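Student: Right, I'll just put the structure down here and ask away after.
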């Protein structure tokens with residue numbers, strides 16, 4: 001057989017050219033059709049990724065950005081209410097004096113720190129169809145925070161995006177008690193949202209070990225003696241299971257209530273209580289230097305606002321403003337938790353009873369499940385911050 005040049009053998013070139021021609025035709029078609037597919041899944045995905053990245057970067061920048069100067073006036077609105085009838089509200093002397101006496105300045109703090117402090121001192125309660133705002137002495141703080149954050153967001157993204165920034169602190173999970181702020185328009189469903197948690201600016205020593213002690217104390221006072229004997233009764237007296245489960249459910253709620261009581265004591269002592277008591281003492285003593293012969297008027301203004309607000313809901317409690325606040329917060333929080341968690345707790349107890357009776361769970365494991373459930377219902381040390389952005393309508 002004679003030599004055959006590979007270059008003279010063209011049997012495979014026809015197929016190769018067919019493939020190349022096919023690929024070229026697809027490329028040309030793609031170029032022709034490209035202007036017709038801007039709403040395709042790929043393009044929408046790219047835009048979504050871009051906006052999601054923008055929201056993530058903006059939130060990260062906001063949380064870590066430092067505010068060189070931030071100031072507010074405790075009870076500034078109440079002082080202004082007295083100054084207006086005295087015709088001194090527009091006086092530069094009054095404005096300067098107000099800041100000297102009751103003004104607070106914060107330097108070089110991050111937005112997240114300022115937002116957390118604001119939430120911690122607000123205490124807004126949505127209960128029985130009403131809204132109780134306990135932050136009337138700190139409204140100037142909230143307004144200043146709103147202004148500073150809005151200015152920052154407008155500078156960062158305001159020319160391209162609409163936005164909503166929300167900080168929400170709920171010390172008892174899903175219970176409408178706490179504080180927060182919302183800046184911007186309500187976010188539509190198609191907004192790109194980024195959310196994280198910020199740490200609250202205090203140290204309330206509320207540990208799992210402390211909750212464990214509350215649970216043990218409540219079960220030790222049950223009709224069966226303790227947690228282990230309560231569940232043992234399910235095996236010993238199967239015919240009375242409904243009553244035994246009700247007793248266990250009751251002790252779990254007693255544990256939740258005890259947790260709330262101790263948490264409220266710690267939180268009010270750390271946050272709202274000092275703010276109100278300071279306003280009623282230090283500020284009232286000094287205000288006559290700013291508003292001559294009106295210190296009594298200011299004292300009455302502060303006290304009347306506090307007492308009128310609290311007496312309407314806790315008229316039977318005597319004592320300091322902090323005492324009244326604690327009483328109302330405990331009652332409101334426990335009532336809300338009971339409404340939210342009643343069926344959940346009953347379902348949990350039935351599940352645990354089944355597992356224990358069938359030897360699928362030990363009392364030690366049951367105790368840990370109950371501890372986890374009770375402890376999960378408090379979230380006093382952090383607040384949630386959420387940034388939503390969406391394209392501006394042209």
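Student: What residue, of 261, 254, 232, is within 23 Å of the chain's Cα centre (by Cα) and modelled with pLDDT of 75 or more?
Tutor: So the residue among 261, 254, 232 that is within 23 Å of the chain's Cα centre (by Cα) and modelled with pLDDT of 75 or more is 261.
Student: Right, next: Are any of the residues in the range 366-373 without any contact (Cβ under 8 Å) to a residue 12 or more places away in the chain and farther than 30 Å from residue 157 by Cα?
Tutor: Yes, the conditions are met somewhere in the range 366-373.
Student: Could you check the range 121-162 and list, in sequence order, the residues that are surrounded by 15 or more Cβ atoms within 10 Å (Cβ to Cβ) and on the phi > 0 side of the Ramachandran plot?
Tutor: Listed by number, the list holds a single entry, 123.
Student: Okay, moving on. If the requirement is being modelled with pLDDT under 70 and within 30 Å of residue 332 (Cα to Cα), which of these qualifies: 140, 51, 135?
Tutor: 135
Student: From 125, 114, which residue is at pLDDT 70 or above, closer than 30 Å to residue 172 by Cα and part of a strand (DSSP E or B)?
Tutor: The conditions single out 125.
Student: How many residues, within the range 163-187, are touching a strand residue (DSSP E or B) at 6+ places or on another chain (Cβ under 6 Å), over 19 Å from residue 117 (Cα atoms) and surrounded by fewer than 19 Cβ atoms within 10 Å (Cβ to Cβ)?
Tutor: Count: 1.
The values are calculated or read from the model by the stated rules, or taken from the named source; none is laboratory data. Because the structure is predicted, anything quoted here is derived from the model rather than measured. Cβ sites come from the backbone with ideal geometry, for glycine too, and all protein chains shown count toward neighbours.
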